[in-house]
Amino acid sequence: MSDFTHINKKNNPKMVNVSDKKITKRTATAKASMFLGSEIISHFTDDELVTKKGPVFQTAIIAGIQGVKKTSELIPMCHPLLINGVDIDVEIVDEENIEVFCKVTIEGKTGVEMEALTGVNIACLTIYDMCKSISQKMLIKEVKLLEKTGGKSDIKND
């Protein structure tokens, strides 16, 4: 028998049955670190860069929110969720790097870690898409879950 919750007794994939779980408030926060390079960041004014495609960070935030809402369509074993809230923030860390944060909140029977992780990834991919005409040396360096609350256990990572 597998220790994986998404594998049945015959070793076939399955979606976890959450019908017996209690509805609780659940949150997850993910972070992505991204190297843009000084060539791209030098074009920013007041923490925003407006390109022919529009404002980079504002567009990335909207794309990240859309990514959160579409997670169950992208990742086969994720449950479709009624999302209560999404908050995405993009911060310029220094002359070459940014950090993207995504916090997702629901009241439900399953967690939202995958939604938060999807949100930061889609935001970073949108930034890449909007800035690639300036430089293609960008790098999404690290994506990680910072915090999860609700459900069986709370998790806090550095």
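The values are calculated or read from the model by the stated rules, or taken from the named source; none is laboratory data. Source: prediction; values computed, not measured. Here the Cβ positions follow ideal geometry from the backbone for every residue, glycine too, while neighbour counts run over all protein chains shown. The area values use the complete protein model at the heavy-atom level, side chains included, leaving out ligands, DNA and RNA. Shrake-Rupley method; radii C 1.70, N 1.55, O 1.52, S 1.80 Å.
Quick notes on this structure:
- E147 at pLDDT 95 or above, open to solvent by less than 50 Å² (accessible area, probe 1.4 Å), among the charged types (D, E, K, R) and not in a loop (DSSP other than H, G, I, E, B): no
- All positions within the range 1-51 that are at pLDDT 85 or above, within 29 Å of D154 (Cα to Cα), hydrophobic (A, V, I, L, M, F, W, C) and open to solvent by 90 Å² or more (accessible area, probe 1.4 Å): I23
- In the range 43-65 there is at least one residue that is assigned to a strand (DSSP E or B) and touching a residue at least 24 places away in the same chain (Cβ under 8 Å).
Residues are listed down the side, and each one gets a yes or a no for (1) assigned to a helix (DSSP H, G or I); (2) buried (at least 22 other Cβ atoms within 10 Å of the Cβ); (3) out of contact with any Pro (no Cβ under 9 Å at 6 or more places or on another chain); (4) not aliphatic (A, V, I, L, M):
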{"site": "F101", "(1), (2), (3), (4)": "no, no, yes, yes"}
{"site": "V104", "(1), (2), (3), (4)": "no, yes, yes, no"}
{"site": "G111", "(1), (2), (3), (4)": "no, yes, yes, yes"}
{"site": "T118", "(1), (2), (3), (4)": "yes, yes, yes, yes"}
{"site": "I122", "(1), (2), (3), (4)": "yes, yes, yes, no"}
{"site": "I134", "(1), (2), (3), (4)": "no, no, yes, no"}
{"site": "E142", "(1), (2), (3), (4)": "no, no, yes, yes"}
{"site": "G151", "(1), (2), (3), (4)": "no, no, yes, yes"}
